[in-house]
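Please read the structure below before turning to the comments.
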Amino acid sequence: MWFLLNPPGKAAVHIQNIDNFDWLSKYNTFKKQNASDPRYTSELNYLRFYLPDVFPTLNKILLFDHDVVVQQDLSTLWNINMNEKVIAGVGTCQEGETSFRRMDMFINFSNPYIAKRFDVNACTWAFGMNLFDLQQWRRHNLTGVYHNYLQKGSNMRLFSTGSLPIGWLTFYNKIMVLDRRWHILGLGYDLDIDTNKIEQAAVIHFDGIRKPWMDIGLARYKSYWSKFINFDLPLLQRCNIQA
């Protein structure tokens, strides 16, 4: 209905019903652990680990989370040489940065299984805007690797809940780290992001709980989202979307 009301120009739109992915629930161990936060229990958060199965005829895909705004042409990113890496994303390993994430913040390096396979100082990276080489993914059987960590994590405490830590394990040493100007994080929780960096970024990400369409959204950043929205649409008015 959204695309009927807002024609996407020359883009081809294909919508898959959520019911097509009922099989995902058998792999969702976090529901079994009685986690209550839907950010961690929703099967759709883990659908990204099945991209070659969801799109069996594609060799490459650019994946966005629902809370990003694309500000620039991304054709240059699409055409980069990934040097046989599987995933491209911005790093989150610079201490002092908004998006700083250290491996051992989310992964249990006191467990020998983890300690002997991964470098605690390895650079981490962000979901939200990622380019995937699905041919390399299939070559390395990374969905099988994901299932292996998922199974081991259900039997021993290897990582914290959520798709980020298991993503770091699954794609370990298979990441191409992008220049940070491609993807700026933190607009859903950090009040101190440099405005110049936001305006120069190709993609901005409202990760965090303070989404721009909510009352609690950070007022400083709302205009970067709201300027693309037609608030006169009855659908948005019924949804009480906040300007």
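Every number here is computed from the coordinates shown, using simple stated rules; none is lab data. As the structure is a computational prediction, the values presented were derived from the model and not from experiment. Neighbour counts run over all protein chains shown; Cβ positions are idealised from the backbone, glycine included.
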What helices in the chain pass both tests, a Cα length along the helix axis of 15 Å or more and a mean Kyte hydropathy of -1.0 or higher, using whole DSSP H runs?
142-155
Find the Cα radius of gyration of the stretch 2-238, compare it with 2.2 N^0.38 Å by division, and give the number to two decimals.
1.05
Ignoring chymotrypsin sites (Phe, Trp or Tyr not before Pro) buried by more than 11 other Cβ within 10 Å or outside DSSP loops, the longest site-free run in the chain is 1-227
Assertion target for R139, R101, ordered by fewest C-beta neighbours within 10 angstrom first, is R139, R101
Out of H140, L164, H205 - ranked by how far each Cα lies towards the positive end of the dipole of the stretch 2-238, with unit charges on the beta-carbon of charged residues - the top one is H140
Quick check: from the Cα gyration tensor, does the stretch 146-230 come out rounded (a/c under 1.5), prolate or oblate?
prolate
Within the chain, cysteines having no neighbouring cysteine beta carbon under 4.7 Å are C239
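Are there GluC sites (Glu not before Pro) in the stretch 68-138 that DSSP marks as loop and that have at most 12 other Cβ atoms within 10 Å, and which are they?
For GluC sites (Glu not before Pro) across the stretch 68-138 that sit outside H, G, I, E and B with at most 12 neighbouring Cβ atoms in 10 Å, the list reads E84, E95.
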Note on the chain: contact order normalised by length, alpha-carbon pairs under 8 Å, 6 or more apart, percent, works out to 21
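Does the stretch 60-192 come out rounded, prolate or oblate, given a ≥ b ≥ c as the square roots of the eigenvalues of its C-alpha gyration tensor, rounded meaning a/c under 1.5 and, failing that, prolate meaning a/b above b/c? Walk me through the intermediate numbers first.
Details: a/c = 1.94, a/b = 1.27, b/c = 1.52.
Since a/c reaches 1.5 but b/c is at least a/b, the shape of the stretch 60-192 is classed as oblate.
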Restricting to the stretch 2-238, what percent of DSSP beta bridges are antiparallel, rounded to 5?
65
Restricting to DSSP loop positions (anything but H, G, I, E, B) with no more than 16 other Cβ atoms inside 10 Å of their own Cβ, which trypsin sites (Lys or Arg not before Pro) remain in the stretch 195-243?
K227
Along principal axes, Cα extents of the stretch 85-142, largest first, whole Å
33, 30, 13
Using the count of nearby Cβ atoms within 10 Å as a rough guide to exposure, how do H205, H183, H66, H147 rank from fewest to most?
H66, H147, H205, H183
Using a 10 Å cut-off around each Cβ, can you sort S99, S110 from fewest to most neighbouring Cβ atoms?
S110, S99
